[in-house]
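The numbers here are math on the coordinates, done by the rules we state, and not lab data. Bear in mind that the values here come from a model prediction, so they are computed numbers and not experimental data. Here the Cβ positions follow ideal geometry from the backbone for every residue, glycine too, while neighbour counts run over all protein chains shown.
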Amino acid sequence: MSTTKDFIVEQLKKQIADFKPALEERTVGRVIEVGDGIAGISGLADAMMSEMLEFETAAGLVSGVALNLEEDRVGAIVLGDYAKIKEGDQVSCTRKILEVPVGQAVIGRVVNALGQPLDGQGGIAADKYYPVEKIAPGVITRQSVNQPVQTGIKAIDAIIPIGRGQRELIIGDRQIGKSAIAIDTIINQKGQNMKCVYVAIGQKESKVAGIVAKLRSAGALEYTTVVLAGASDPASLLYIAPYAGTAMAEYFLDKGEDVLIVYDDLSKHAAAYREISLLLRRPPGREAYPGDVFYLHSRLLERACKLNQDYGGGSITALPIIETQAGDMSAYIPTNVISITDGQIYLMPELFYQGSRPAVDAGLSVSRVGSAAQIKAMKKVAGKMKLEAAQYRELAAFAQFGSDLDKDTREKLERGKRLQEIFKQAQYSPVPVANQVLIFYALINGLADDVPVEKISDFEIGLYKYAAASGDVLKEIAEKKDLNDELERKMKELIGDYKSGLDYLIK
Amino acid sequence: MKITPKQFALCLLESVDGQPASQAKAVIKNFVELLGKQGRLGQEEKIIEEFGKLWNEKNGLVEAEITSVRGLDKELVKLLKNYIIKSSGAKEAALAEKIDTSLLGGVVIRYGDKVLDGSLKNSLLELKEKLVK
C-alpha cells in the first residue's frame, strides 16, 4: 500500500519537476458578431482555411472552424453551443486543420461529427487523428472495381450489383425503405471482411437509436461506426459529419482494408450547407443553394475508391442516400448526385405500396460498373433478369387491357410474376449469395414455373432449408463462385428432389 | 459601389502623408466636406478608428497591452517593449499596462493579433492538462 503511495508521490514530483510551461505565441482575434451558428471575428490574420478555432467564453471553451477568410474578418462556423459566445470574446487559432479520431477505437461506437462519443461508453482512446477534409486519391493509385459487395438483397445483387469501391446512390421518396436497404447491407457484411461507417445526417435521434439497437442485436456493431449529427444538432455539425465519417473510413483504406460507408442522407446535408452559406452571406444560386454545392458532394464521393495493389488494395464503397420530393428526380441535388455516382438504386412509391418490397425499380436503377465485380455464378444466372424484370412491368401494364395473349407473352408474364415475387424480401433478412444463385437458377430454367405465384416465398424458404440440410451444393457455389456442368446438374437434381416432396405444385 | 470606412481612411492617409501641418489642415477640411456631401459624417468614429490603425501600420507603431498582477517596474517594461518591437518588426510600441490579479503571477503580453501568455495561471492549467493525460 505504502509503496504505491510513495511511487505516486515520487512520480508526481518528477512530473512536476520535468514540467516546463511552453511559452508560445498565439494568434488571437475578437468576436465581432455571432448568431445562428456562425461567428464573425476580427483579427486572426494568419488563420488557415478550415482551421480549428477556440472561442474562450465565460462558460468554457467552444470550438469552431474558419470557413471564410476575408480582408478584415474571418467567418467561422461554431461547433457546439453558440449561445455561450458573446461579442468581444477572445478567439485563438490552434494551428490544426479540423481532424477527428480514427482507428480501431471508433469501431462499435456511436460518435458525433467531431468524433466525441455519444454512447456513454467512455472516452475514445484514438492514437491517430485524420483531417476531415482530404483530397481524394489520384488516378495512379486507383483500379477499377473487381470485388463484389454482397448486399444480401436479391433484387440488388442480381440486377444492380455493387462492387467494392463503387458509389451507388439510393434515391427515393420519404418512408419507402431507403435506409432499410443500407442497414440490411451493413448487417450482411458480417464475415465479409468489411468495416462499415453509418453517417446519420439530420436524422431523428429515435430512428438512429433504433438502428443502433438493430445493428447491435444483429452483431453488426462489432465492425460498424455510427457517426450521428442529429436533427437538433447545429447545421455546422451536419455539414462536417459525412467528411468526418469518410476520414474514419480512410484510416482502414490506408491499411488496405475494405470499408462500406453510408451517408443518410445527403439532401439534408445539402440543406445544412445551404443554411451555413446563406448565413455567411455567400451568394445563393438555384434553389438558394450556393454555387459550390456540386463540389460539396463531388469532393466527398470522390474519396470513395478502389486502390490498386501498389497502394494497399483497400477500398471505400459509398452508399449515399438522397430523398426526393414526390418522386422528382430532376431536382437540383438529385441530378447532381446522380451524375457524381456510379449508378443509382431508384425506389418507387407505387411498387412499395403494392407490397413489392424492397421497392427497387428495375428500369430506372442502374449500376454502371458493378457487373464487373459480380461473381461468375451470379453473372450466369442474373444475366437476363434485369431485362426480363423491366419488360414484365411494361407487359403487365399492357396486358391489363386484353385477355387474348399469345403463348409467348403469357409465358413471359408468368415468369415475370414469379420474378417479382422472388425479389420481395423482408427487412433484416439478407440472403447469402449461394442461396440467391440457387433460387435464380431455378427460376430462369423454368423449374419454378409449376409453383403457384402465391406459394413462391414458401417454395424459396423451403428450398434454402432443403439445400442446407442435404448435400453441399450451396457450399460448392460459395467456394467456386462459378457454375460448371457438373454443378448445374447437381443443382437441377437438388431442386427436383425438393419439388418431389411438395404438394402445392400446379399439375 | 459602397465605400467602406477603411477606404475613406486610406484616402485621408494618402493625402495627408508627408504634408506640413498647415496644408494637412486644408486637406482635412476638404475631406470632411466630402464626407458631408456623401452623407457619411455618421461614420466618423469608424473612419477615425481605421485611420489610427493605418497610421500605426505605416509608421511602424504597434499597440501593445501588458497585463500583470501587481504592475511592473520600469526596467522590465523597457525590456518587454524591446521584445515586442523586435518580434513584431515595428519601429515603436505604444504600451498600455493593465492589472489583473486572477493571473496569479507572470505577465500576459498582447500586441496586434498576438498573445504571449506567460502567466502562472496558464502554466498551472497546462500542468493540469498534462497530469490528467
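Whole-percent P(r), the protein assembly as shown, all Cα pairs, 20 Å bins from 0: 15, 38, 26, 14, 6, 0.
About its Cα centre, how strong a charge dipole does chain A have in debye, to the nearest 20, once Lys and Arg get +1 and Asp and Glu get -1 at the Cβ? Each step should come with its number before you reach the end.
Working: 60 positive and 67 negative charges, 160 e Å.
Computed about the Cα centre, the dipole is about 760 debye.
Determine, for each peptide in A:156-163, B:76-83, the mean count of other beta carbons within 10 angstrom over its residues, then list the peptides with the highest first. All intermediate terms of the calculation are to be shown ahead of the outcome.
Numbers: A:156-163: 25.4, B:76-83: 14.5.
Final packing ranking: A:156-163, B:76-83.
So how do B:29-40, A:221-232 stack up, highest first, on mean other-Cβ count within 10 Å?
A:221-232, B:29-40
Directionally averaged projected area (the range A:359-507, Cα convex hull): 10.1 nm².
In terms of packing, defined here as the mean over residues of other Cβ atoms within 10 angstrom, the peptides A:350-362, A:477-489 line up highest first as A:350-362, A:477-489.
How do A:ILE439, A:ILE340, A:ILE261 line up, fewest other C-beta atoms within 10 Å first? Can you show the working numbers first?
On the way: A:ILE439 24, A:ILE340 20, A:ILE261 29.
Listing A:ILE439, A:ILE340, A:ILE261 from fewest to most nearby Cβ atoms yields A:ILE340, A:ILE439, A:ILE261.
Considering only B:SER15, B:LEU103, B:SER123, the residue lying farthest towards the positive end of the dipole of chain B is B:SER123, judged by Cα position with unit charges set on Cβ.
The residue among A:MET385, A:GLN374, A:GLY363 whose Cα reaches farthest toward the positive pole of the charge dipole of the range A:343-413, with charges on the beta-carbon of Lys, Arg, Asp and Glu, is A:GLN374. If Lys and Arg each add +1 and Asp and Glu each add -1, what is the summed charge of the other residues whose beta carbon sits under 11 Å from the beta carbon of A:MET48? Within the 11 Å Cβ shell, the charges total 0. Here the range A:374-507 is treated with +1 on each Lys and Arg Cβ and -1 on each Asp and Glu Cβ, and its dipole about the Cα centre works out to around 360 debye. Using only side-chain charges placed at the Cβ, +1 for Lys and Arg and -1 for Asp and Glu, the dipole size of chain B relative to its Cα centre rounds to 160 debye.
The share of alpha-carbon pairs in the range A:252-369 lying farther apart than 24 Å comes to 39%. Which helices count as membrane-span-like in chain A under these terms: full DSSP H, at least 15 Å along the axis by C-alpha, Kyte-Doolittle mean of 0.5 or more? Helices meeting the span and hydropathy rule in chain A are A:235-254, A:433-444. Using a Gaussian network model on chain B with a 10 Å cutoff between Cα atoms, which of B:ILE28, B:ILE47, B:ILE66 fluctuates the most? Maximum fluctuation in the GNM of chain B, among the listed residues, is at B:ILE28. Relative to the longest principal axis of the Cα atoms of chain B, the long axis of helix B:21-38 makes an angle of roughly 80 degrees. Cross-link pairs exceeding 24 Å between alpha carbons, from the set A:LYS384/A:LYS490; A:LYS380/A:LYS417; A:LYS379/A:LYS507; A:LYS190/A:LYS475; A:LYS154/A:LYS499: A:LYS379/A:LYS507. Projecting the Cα atoms of A:GLY314, A:VAL78, A:MET248 onto the dipole axis of chain A, where Lys and Arg carry +1 and Asp and Glu carry -1 at the beta carbon, places A:GLY314 farthest toward the positive end.
Looking at the range A:1-151, how many pairs of lysines come closer than 16 Å at the Cα, when each pair is eight or more places apart or spans two chains? Show your work: numbers first, answer last.
Values: A:LYS5/A:LYS13; A:LYS5/A:LYS14; A:LYS96/A:LYS128; A:LYS96/A:LYS134.
Number of lysine pairs found: 4.
Between the helical axis of B:120-132 and the longest alpha-carbon principal axis of chain B there is an angle of about 60 degrees. Put the Cα centre of the range A:224-272 next to the Cα centre of the range A:75-111 and the gap is 15 Å.
Per residue of B:111-122, how many C-beta atoms from partner chains lie within 10 Å of its own C-beta, taken as a mean? Could you put the intermediate results ahead of the total?
Details: counts 1, 4, 14, 7, 7, 4, 7, 3, 1, 1, 0, 3.
If you average over the peptide's residues, the count of other-chain Cβ atoms is 4.
Scattering from the range A:305-359 was approximated by placing one identical point on each alpha carbon and applying the Debye formula without solvent; log10 I(q)/I(0) at 0.14, 0.17, 0.28 1/Å stands at -0.54, -0.69, -1.12.
Could you tell me what % of all Cα pairs in chain B have separations over 23 Å? Roughly 53 percent, rounded to a whole number.
Within the same chain, aspartates and glutamates fewer than 8 places from B:LYS81 are excluded, and of the rest, those with a Cα less than 14 Å from its Cα are B:GLU63, B:GLU65, B:ASP73, B:GLU92, B:GLU97. Cβ-to-Cβ counts within 10 Å put A:ASP36, A:ASP173 in ascending order as A:ASP36, A:ASP173, the fewest first.
For the range A:146-191, count all C-alpha to C-alpha pairs, find those more than 11 Å apart, and express that count as a whole percent of the total.
70
Taking a straight Cα-Cα cut-off under 17 Å and skipping sequence neighbours fewer than 8 places away in the same chain, the aspartates and glutamates within cross-link reach of A:LYS255 are A:ASP127, A:ASP310. Take the alpha carbon atoms of the range A:451-507, find their center, do the same for the range A:290-356, and report the distance between the two centers in whole angstrom. Taking the Cα centre of each part, the range A:451-507 and the range A:290-356 sit 36 Å apart. Local charge for B:ILE84 was computed over the other residues whose Cβ lies under 14 Å away, with Lys and Arg +1 and Asp and Glu -1, and equals 0.
So, counting K/R as plus one and D/E as minus one, what does the shell of residues with Cβ under 14 Å around A:THR57 add up to?
Working: positive: A:ARG30, A:LYS84, A:LYS86; negative: A:GLU54, A:GLU56, A:ASP81, A:GLU87, A:ASP89.
Combined, the nearby Lys, Arg, Asp and Glu give -2.
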